[in-house]
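We did not get these values from a lab; they are worked out from the coordinates using the rules stated. Just so it is clear, the structure is predicted and the values come from calculations on it, not from any experiment. Neighbour counts are summed over all protein chains in view; Cβ atoms, including those assigned to glycine, are modelled from backbone coordinates with ideal geometry.
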Amino acid sequence: MKNFFKAAALSSVLISGSVFTMGISLEKGKSWTNVEAETGRGCGGLYAQGNWLKNTDNGEQTGGVGAGYNLILGLAFPVGGGARIKLINGFALYGEGYIAPDGFSNSVRNYTEANAGVSW
């Protein structure tokens with residue numbers, strides 16, 4: 001009985017951080033649809049994710065599932081933003097950037113993130 005309570009206490013510590021976060025996204029292209037769902041990805045503890053992709057031209061479908069464990073090494077509250085510039089024939093340029101000054105973080109010295117590219 002003691003082992004049961006030890007296992008229950010340990011498992012509640014492992015999953016407690018991931019219980020309150022969840023995300024769902026839907027992407028639709030000219031000939032495809034993608035649905036993604038995840039829980040616990042943005043915080044410490046266990047997380048799970050899955051996706052489903054369908055090619056609407058030929059009806060082919062694929063999907064995937066995954067699970068993992070996140071460790072919390074520091075905390076930062078970044079600020080920033082992004083932009084998307086539409087070009088011709090469905091092409092676009094995009095970019096985004098985020099930074100967390102020392103006052104916006106807990107034990108994280110410097111946090112910067114940048115992403116840029118071309119989409120179609």
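Structural remarks
- In nm, spacing of pseudo-spin labels at Y94 and E60 (7 Å Cα→C-beta vector): 2.3 nm
- Computed lengthening from S25 to A83, 0.36 nm per intervening residue step minus Cα-Cα distance: 18.9 nm
- Ranking of E36, E60 by neighbouring Cβ atoms within 10 Å, starting from the fewest: E60, E36.
- Approximating the spin labels as points 7 Å out from Cα along Cα→Cβ, the D102-to-N51 distance works out to 3.9 nm.
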